[in-house]
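The values are calculated or read from the model by the stated rules, or taken from the named source; none is laboratory data. What you see is a predicted model; the values in this text were computed from it and never measured. So basically every Cβ, Gly included, is an ideal-geometry build from the backbone, and we count neighbours across all protein chains shown.
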Amino acid sequence: MPDDLQPLQQGPLQRGPGNTIAPTGAGGAMDLAVSEAETLERPPGTGTIPGGPPGGPGAKPRSLWSDAWRELRRNPVFIASGLLIVFLVLIAIWPGLIASGDPLSCNLAKSQEGSQPGHPFGYDTQGCDVYTRTVYGARASVTVGVCATLGAALLGSLLGGLAGFFGRWGDALLSRTADIFFGIPVVLGGLVFLSVITSTTVWPVVGFIVLLGWPQISRIARGSVITAKQNDYVQAARALGASNTRLLLRHVAPNAVAPVIVVATIALGTYISLEATLSYLGVGLRPPTVSWGIDISNAAPQIRNAPHMLLWPAGALSLTVLAFIMLGDAVRDALDPKLR
Amino acid sequence: MPPEATEARPTGEPILEVRDLAKLYPLTRGVVFRRKIGAVRAVDTVSFDLRRGETLGIVGESGCGKSTLAKMLVHLERPTSGRILYKGEDITRLSGRALKAVRRNIQMVFQDPYTSLNPRMTVGDIVGEPFDIHPEVAPKGDRRRRVQELLDVVGLNPEYINRYPHQFSGGQRQRIGIARGLALNPEIIICDEPVSALDVSVQAQVVNLLERLQDEFGLSYVFIAHDLSVVRHISDRVGVMYLGRFAEIGTDEQIYDYPTHPYTQALLSAVPVPDPEAREGRERIILAGDVPSPANPPSGCRFRTRCWKAQDKCAQEVPQLVVPAGFRHAEGPVVHDSACHFAEALPQDMSEPASAE
Amino acid sequence: MSALLEVRDLHVEFRTRDGVAKAVNGVSYGVGAGETLAVLGESGSGKSVTAQAIMGILDSPPGHVTGGQVLFQGRDLLTLSKEERRRVRGAKMAMIFQDALSSLNPVHTVGAQLGEMFQVHEGMSRKDARVKAVELMDRVRIPAAKERVNDYPHQFSGGMRQRIMIAMALALEPDLIIADEPTTALDVTVQAQVMDLLAELQREFTMGLILITHDLGVVADVADKIAVMYAGRIVETAPVHELYKRPAHPYTRGLLDSIPRLDRKGQELYAIKGLPPNLMAIPPGCPFHPRCPRAQDVCVTDRPPLFPVTENDGTELPGRAGACHFWKDELNAS
């Protein structure tokens, strides 16, 4: 029987009458194929199929990822949020680029004073420059937000995804473990866990947030993996002999990732505020570390007499969260070919 | 029980032999501590042969186990018992490399063209994926050309290679699914309701395509469907399934024109014929009630609860799928396997109005 | 037969992000009391959208009725207020859907859902409504209705659920029932039971019945007349026997020829070439011309109206019309 396929494998290509490529030697049955192909080639209306790129035989083969990247580059939302995030990362690494002062050199005499030349954002209660502190605060806040989100998203989707895909006892074990972590009250857990750690870096806080955050992501990931793996195309690939790794990476993951992206980008904002809460309780970041969370907590009681103290760090926080949510939205849309 | 008695039109040696195949799904209760409370007998000791170049149609209503059977044939489900022999070799419990090799030769076309194609892969990636999984079939540099040839063979424009499934209609998507099934040069294709999700005018296109490919590449089909007319059109032999078992199996003429099992007779009489005059001469058998649950099938003959011929014997003895005793010495197309204690020929006069043509 | 429902020149379009899809483009049909009209078409032909517009359950937006009249017992339903339409719906006209499982609420018993109709529309007490519900279930021949009235939808088989849907539609003894693919999801042996039941109840109550389907086989027995739709238009109407015997439109003939027949085994099936049109870009002239074996230049330029179909000698064929420039040739081809 494989001999029968020889013409298909080796037959030189010829231009058929219908301007379709027809392998020679396939016999009279090809006449039918050509006529069918012709009718399918120019069905009325398919010319208006949205986004159907004219990919000639010479065009480069494309994939989901290259198409998604092409889509992203043309999306103004992606460009705006991307630029903003690049900017945030830059000042997180080199705050000196746009702020020349020292966030820790304060002058109590200027406590809570408003905007002045050279100090556009005014001073806080301690008499520190709000502009400098907002810029320097980016490092801790962005680090906590991004690292905690990445950590929780990776851990959560890895565990949730594997549990959803393989099911059985691993799934049961993971789900119950996640339930236990869900039960830990954030504030109490933070007080107990973080108060025994004396490190002044951001990492204990990041670790604590990942520990509390992954079950949420894993639940979402597990659910969407279970939905995706029931599709016939997963069965079809399995029937072709595809390995589990291939099924997971090529078929299940791309179709299950959207809800995880949405939840993770929203969680990013929550995590930055969580850092603020923990700092307010005195178990999060500690001075001399500068963070938006610490400043927001300190400014909150003074909102009536010095609103500028709250406005700037809170504004920076909102802008950061917004940038990541927009980025997540754009990436999710780009990964869905139906929206192109 | 090999159904060799139905040797009316030999079409070559058997390429696939199925012996006493069964699939039970345990029914469990509880999340952490699962208790078994019973089993759904989805497929219950089914045997048949598929010959080279032949189309075996399998018809039955929902819940008769025909889709589970299809999944077992392509190793998407593991049989609880029984054997599947491919060219005489037992492939039932293969795994790893050996299973992968067998999979090259037995492929599947799915029912729903909307869920059987990954929406996030281009058509080129979907049809080319078999080559990624079995790199020995096509050298890397050659794959793209092979994919375009495959698209052309199934009647699609080879330039559509970079499009996504949602940009195609149902019929075109089913062609993509067929191209994927053909990629590894299989010998057997299991078609699970391949046209039932398509519009009438497109169904005919896909049925014709499947027939043309069979002639061109010498494929053997197991064609599973609930639409008896489509199955008759495409099949050389037909098996009728009811609640996980074959009720009757034979050539298309034997089954459609000379059915001896009451279930087949009822099924055929219920098929809507798009011609009011042709159906006026037909006697319709309207069955009482519904198909019983496969979790709790009737004893003896599975069909007895809806059968107008049922007697005590039917509840006690399971009828075997053999040529019924009454026909052992008869001749002609009534002689074929039928699992009924009281099998009787029922002349189907519905073919008469058409015979004038 | 005086028309119970008359649809005149109905237009419906869907305004979406990608453009305007013209789903229904000037459909006119009527159905009398005790009469069965089958509306036949493929997906996207506008057959279900027309029904939704008649019932007033069109998703709006994106769907908009942009023209025409729906005269029901002499009143134009399209001019009524939402509240008035709601009162017509259920009491005077009812609809049966394809998927009975998703049309029934899984958390309420069947009896409660049937009884609700009487409680809401006729102000009955719970107890009386329950009695009525059992009566209805008996009427659609659900065995052991009294015991099963407190069962939930998932405890019934597909055929039984469709019977419950029919019972619900019948509850208030409407004058018109629209059944949208009522047996498509059912098995062949059950299909026949449900179709027979529907036809019998229709005779008993002398209701009008509109049967929407893609299956030429299903309607052959029960319909009086058939309207074939394509791309949002009616392309042919005829009494049921004549349509099967002598179609006057190439699309109808193509559909008839492309179904494999149980009683004939041919070599190759006739296949209508190409695909149904994109409703956002319906071809000019006759919408079927790109797929039509008879197409001439005139078909590309002029849209054929529904011509009255007559015999060659001019004898009228009542109820017959065809939207094809060459209906005469098509009719004589049989």
Please verify whether the stretch B:89-98 includes one or more residues that are among the β-branched types (Val, Ile, Thr) and either within 14 Å of chain C (Cβ to nearest Cβ) or more than 18 Å from the chain's Cα centre (by Cα) (or both). yes
By residue number, the members of the stretch B:201-228 that are closer than 17 Å to residue B:111 by Cβ, within 11 Å of chain C (Cβ to nearest Cβ) and not hydrophobic (A, V, I, L, M, F, W, C) are B:203, B:205, B:226, B:227
For the structure I just gave you, tell me whether residue C:306 is touching a strand residue (DSSP E or B) at 6+ places or on another chain (Cβ under 7 Å) and away from chain A (no Cβ under 14 Å). yes
Unmet criterion (only one of (1) under 21 Å from residue B:204 (Cα atoms); (2) modelled with pLDDT under 85; (3) within 20 Å of the chain's Cα centre (by Cα); (4) of a type outside the set (Ser, Thr, Tyr)) for residue C:267: (3)
Set B:141, B:171, B:128, B:177: member being more than 30 Å from residue B:18 (Cβ to Cβ) and under 25 Å from the mean Cα position of the chain (by Cα): B:171
Which one of C:5, C:40, C:101 is more than 25 Å from residue C:247 (Cα to Cα) and either among the acidic types (Asp, Glu) or crowded, with 20+ Cβ neighbours inside 10 Å (or both)? C:5
Give me the pairs: first residue in the stretch C:114-127 and under 9 Å from residue C:171 (Cβ atoms), second residue crowded, with 17+ Cβ neighbours inside 10 Å and modelled with pLDDT under 80, beta-carbon distance under 8 Å, and six or more apart or on different chains, which are they? C:117/C:90; C:121/C:90
Can you find a residue that is surrounded by 23 or more Cβ atoms within 10 Å (Cβ to Cβ) and polar (S, T, N, Q) anywhere in the stretch B:151-167? no
Before we move on, is residue B:222 over 23 Å from residue B:343 (Cα atoms), in contact (Cβ under 8 Å) with a residue 60 or more places away in the chain and buried (at least 24 other Cβ atoms within 10 Å of the Cβ)? yes
In the stretch B:160-193, the residues that are part of a helix (DSSP H, G or I) and either touching a strand residue (DSSP E or B) at 6+ places or on another chain (Cβ under 9 Å) or within 16 Å of residue A:240 (Cβ to Cβ) (or both): B:174, B:176, B:177, B:178, B:179, B:180, B:181, B:182
Name the pairs: first residue in the stretch B:268-281 and more than 7 Å from every other protein chain (Cβ to nearest Cβ), second residue surrounded by fewer than 21 Cβ atoms within 10 Å (Cβ to Cβ) and modelled with pLDDT under 65, Cβ to Cβ under 6 Å, at least 6 apart or on different chains? B:281/B:349
Applying the selection to the stretch A:178-202, what residues are without any contact (Cβ under 8 Å) to a residue 12 or more places away in the chain and either assigned to a helix (DSSP H, G or I) or among the basic types (Lys, Arg) (or both)? A:180, A:188, A:192
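I'd like the full set of residues that are in a helix (DSSP H, G or I) and more than 8 Å from every other protein chain (Cβ to nearest Cβ), limited to the stretch B:133-149.
B:140, B:141, B:142, B:143, B:147
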Name every residue in the stretch B:151-181 that is among the aliphatic types (A, V, I, L, M), free of Cβ contacts under 8 Å to residues at least 40 places away in the same chain and facing chain A (nearest Cβ under 8 Å), in order of residue number. B:156, B:161
Taking the stretch A:91-128 as the search range and keeping residues that are more than 33 Å from the chain's Cα centre (by Cα) and not in a loop (DSSP other than H, G, I, E, B), which one is farthest from residue A:205 (Cα to Cα)? A:116
Check the stretch C:144-159 and report whether any residue there is touching a residue at least 40 places away in the same chain (Cβ under 8 Å), β-branched (Val, Ile, Thr) and closer than 18 Å to residue C:209 by Cα. no
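Can you find a residue in the stretch A:230-244 that is over 29 Å from residue A:134 (Cα atoms), of a type in the set (Gly, Ala, Ser) and exposed (fewer than 15 other Cβ atoms within 10 Å of the Cβ)?
yes
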When you scan the stretch C:239-260, do you find a residue that is more than 25 Å from residue C:22 (Cα to Cα), in contact (Cβ under 8 Å) with a residue 60 or more places away in the chain, assigned to a strand (DSSP E or B) and more than 9 Å from every other protein chain (Cβ to nearest Cβ), even just one? yes
Search result, residues across the stretch B:72-108 that are part of a helix (DSSP H, G or I), of a type in the set (D, E, K, R) and surrounded by fewer than 20 Cβ atoms within 10 Å (Cβ to Cβ): B:97, B:100
Go through the stretch B:194-214 and give me each residue that's outside any helix (DSSP H, G or I) and more than 16 Å from residue B:55 (Cβ to Cβ). B:196, B:197, B:198, B:199
Being in a helix (DSSP H, G or I), more than 14 Å from chain B (Cβ to nearest Cβ), closer than 27 Å to residue A:244 by Cβ and at pLDDT 85 or above is true for just one of A:217, A:209. Which residue is that? A:217
Just to be sure before I move on: is residue B:68 among the hydroxyl-bearing types (Ser, Thr, Tyr), within 14 Å of chain C (Cβ to nearest Cβ) and buried (at least 19 other Cβ atoms within 10 Å of the Cβ) in the structure I sent? no
Report the residue count in the stretch A:231-263 for those that are touching a residue at least 12 places away in the same chain (Cβ under 8 Å) and either more than 17 Å from residue B:106 (Cα to Cα) or more than 7 Å from every other protein chain (Cβ to nearest Cβ) (or both). 19
Which listed residue, of B:198, B:184, is within 14 Å of chain C (Cβ to nearest Cβ) and in contact (Cβ under 8 Å) with a residue 24 or more places away in the chain: B:198
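Working only within the stretch A:143-188, note down all residues that are surrounded by 17 or more Cβ atoms within 10 Å (Cβ to Cβ), more than 14 Å from the chain's Cα centre (by Cα) and farther than 13 Å from residue A:222 by Cα.
A:143, A:144
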